[in-house]
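Step one of this worksheet: look at the structure below.
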Amino acid sequence: MKFSAFRILKEGLTGNRGWTPHWRSPDPKPAYDAIIIGGGGHGLSTAYYLAKNHGITNVAVLEKGWLGSGNIGRNTTIVRANYFLPGNSEFYSYSLKLWENLEQELNYNVMLSQRGILSLLHSDGQFDTAARRGNSMLIQGDDARLIRRDELREMVPFLDYDQSRFPIKGALFHPRGGTARHDAVAWGYARGADRRGVDLIQNCEVTGIDIENGKVTGVQTTRGAIKAPKVAIVVAGRSSQVAAMAGMRLPIESHVLQAFVTEGLKPIVDHVISFGMGHFYVSQSDKGGLVFGGDLDFYASYAQRGNLPTVEEVLRAGMTLMPALGKAKILRSWGGVMDMSPDGSPIIDKAETGGLFLNCGWCYGGFKAVPASGVATAHLMATGNHHDMAAKYRLDRFRTGYRLMDEEASGSQHNLH
Ligand SMILES: Cc1cc2nc3c(=O)[nH]c(=O)nc-3n(C[C@H](O)[C@H](O)[C@H](O)COP(=O)(O)OP(=O)(O)OC[C@H]3O[C@@H](n4cnc5c(N)ncnc54)[C@H](O)[C@@H]3O)c2cc1C
């Protein structure tokens, strides 16, 4: 079924009886050419691009819960290409370009809203750092502009510019950054992969990885054994657990990250605002809720919910930046499990076990990476070679210490505290 304005009109006039499910619900086959463990954003986009770019369609995505039940449906929806370091810079730039055509590509409304991202600056030193980052973004072909306090105040008058600890002096503006509807991204990729023949198998937890003579031969699941010569582990916060099934110890720690949304309000926040020094960021959803978050809960955990001290900390930072926030009622909060890598950058690589692939280490930034990550992982699985834009995401950088990409890129420098 193709979505179009005509189709919506027709369905509207005929009682909406013609819509069909977005994807099939097949039972697992005994064998596939490739298995992807994890039906989050990265697993689904990998399956989609395997089918679309490489014609590999005898593929299963195995998801232990339901599609989109993990971080892909829990994030704060920010997409951006404001990274500084080589390795990250070209990857996220590539990803943003894919975002800009994603709705046409998937024939699905992912509600991309390039409303611009403002990363707040509080000192001359930060201006210098932001200028370097902005220049790096421009060299990469993306957009960036330094904004001084007066102009910023016109754009976002509701911030507390004169707070005593971090008075606001300006911002690095990234106009093409913004937000997208996270569930729709999962559903759009799922529908696209299914239409090309990929089997999306929900309620199917992988419990073991079969290896013979140094090569992967398939997986054990709660729905039986499934054979495949290629298996990709794409399970975000569960990466260490699933990789351990193949005898690997990954340099990944799982931490909870929380987010919050208020009741629907009239439009007030037109951009994404990142207050890195206070560990706080905010945007406004199309329904009117202020969507915001802060830092990790700072203890390793697999729980998809957070702790109260972090709630207090995030709200304190929010009130410091934007005192009007105190008038809003919070509707709900939730947590997701982050696959934190030691240098804040991801891993897209082959494992030493033949036919086994890794996609993990996305930390708090994996949503915006979904399109490029799918292209890169599919490319690696299909050709055996690293895609140029993701060539630096090697696992062995943590063993050798060479070519680490120590970058968080969430705004200003957290470590200045
Ligand atoms: C609160 C919060 C805010 C965030 N904000 C942003 C943001 O604004 N911008 C941004 O770029 N990123 C953001 N992120 C990060 C981003 O959401 C993640 O990096 C990204 O979604 C992770 O990749 P994924 O979508 O594939 O993960 P997931 O959706 O978690 O997918 C992994 C899947 O693997 C499945 N799985 C696990 N173990 C098994 C198994 N044994 N067998 C089968 N299936 C299994 C899980 O059930 C899950 O569905 C945020 C995350 C959180 C939690």
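Numbers below:
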quantity	calculated
Subset of the range 306-363 (residues that are surrounded by 21 or more Cβ atoms within 10 Å (Cβ to Cβ) and among the hydroxyl-bearing types (S, T, Y))	T310, S341, S345
Strands (runs of 3 or more DSSP E) (entirely within the range 192-254) containing at least 2 residues that are β-branched (V, I, T) and more than 11 Å from the ligand (Cβ to nearest atom)	215-221
Any hit, the range 10-17, residues being free of Cβ contacts under 8 Å to residues at least 12 places away in the same chain, touching a Phe, Trp or Tyr at 6+ places or on another chain (Cβ under 9 Å) and over 30 Å from S136 (Cα atoms)	yes
Any hit, the range 139-148, residues being exposed (fewer than 14 other Cβ atoms within 10 Å of the Cβ) and either under 22 Å from the mean Cα position of the chain (by Cα) or of a type in the set (A, V, I, L, M, F, W, C) (or both)	yes
From T377, T383, residue being among the polar types (S, T, N, Q), touching a Ser or Thr at 6+ places or on another chain (Cβ under 7 Å) and at pLDDT 95 or above	T377
Residue check, P26 exposed (fewer than 10 other Cβ atoms within 10 Å of the Cβ) and closer than 30 Å to Q220 by Cβ	no
Residues of the range 57-72 satisfying the condition of being buried (at least 20 other Cβ atoms within 10 Å of the Cβ) and of a type outside the set (A, V, I, L, M, F, W, C)	E63, K64, G68, G70, N71
Search result, residues across the range 331-360 that are assigned to a loop (DSSP other than H, G, I, E, B) and more than 9 Å from the ligand (Cβ to nearest atom)	S341, P342, D343, G344, S345, A351, E352, T353, G355
Failed criterion for A81 (all others in (1) away from the ligand (no atom under 12 Å from the Cβ); (2) of a type outside the set (D, E, K, R); (3) buried (at least 24 other Cβ atoms within 10 Å of the Cβ) hold)	(1)
Residue that is out of contact with any helix residue (DSSP H, G or I) (no Cβ under 7 Å at 6 or more places or on another chain) and near the ligand (Cβ under 7 Å from one of its atoms), where the choices are G39, G70	G39
Filtered residues of the range 255-273 (kept if part of a strand (DSSP E or B), more than 10 Å from the ligand (Cβ to nearest atom) and over 16 Å from I330 (Cα atoms))	I273
Residue list for the range 274-289, restricted to those being aliphatic (A, V, I, L, M) and within 14 Å of the ligand (Cβ to nearest atom)	V282
Near pairs, Cβ below 6 angstrom, 6+ apart or cross-chain, from the range 240-261 (over 17 Å from G70 (Cβ atoms) and without any contact (Cβ under 8 Å) to a residue 60 or more places away in the chain) to any residue that is assigned to a loop (DSSP other than H, G, I, E, B) and within 10 Å of the ligand (Cβ to nearest atom)	none
Test: residue in the range 1-12 that is outside the structural domain of G208 (by TED's automatic domain parsing), closer than 15 Å to A193 by Cα and either under 17 Å from the mean Cα position of the chain (by Cα) or more than 16 Å from the ligand (Cβ to nearest atom) (or both)	yes
Neighbours by Cβ (under 7 Å, 6+ apart or cross-chain): first from the range 358-371, at pLDDT 95 or above; second near the ligand (Cβ under 8 Å from one of its atoms) and among the charged types (D, E, K, R)	C360/D339; G361/D339; W362/D339; K368/R80
Unique match (being modelled with pLDDT under 95, over 19 Å from the mean Cα position of the chain (by Cα) and either of a type outside the set (G, A, S) or surrounded by fewer than 21 Cβ atoms within 10 Å (Cβ to Cβ) (or both)) among Q241, Q202, Q163	Q163
The range 46-58, subset farther than 22 Å from S95 by Cβ and in contact (Cβ under 8 Å) with a residue 12 or more places away in the chain, residue nearest to the ligand (Cβ to nearest atom)	N58
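The values are calculated or read from the model by the stated rules, or taken from the named source; none is laboratory data. Since we're looking at a predicted model, the values are computed, not measured. Glycine gets a Cβ as well: all are built from the backbone with ideal geometry, and neighbour counts include every protein chain shown.
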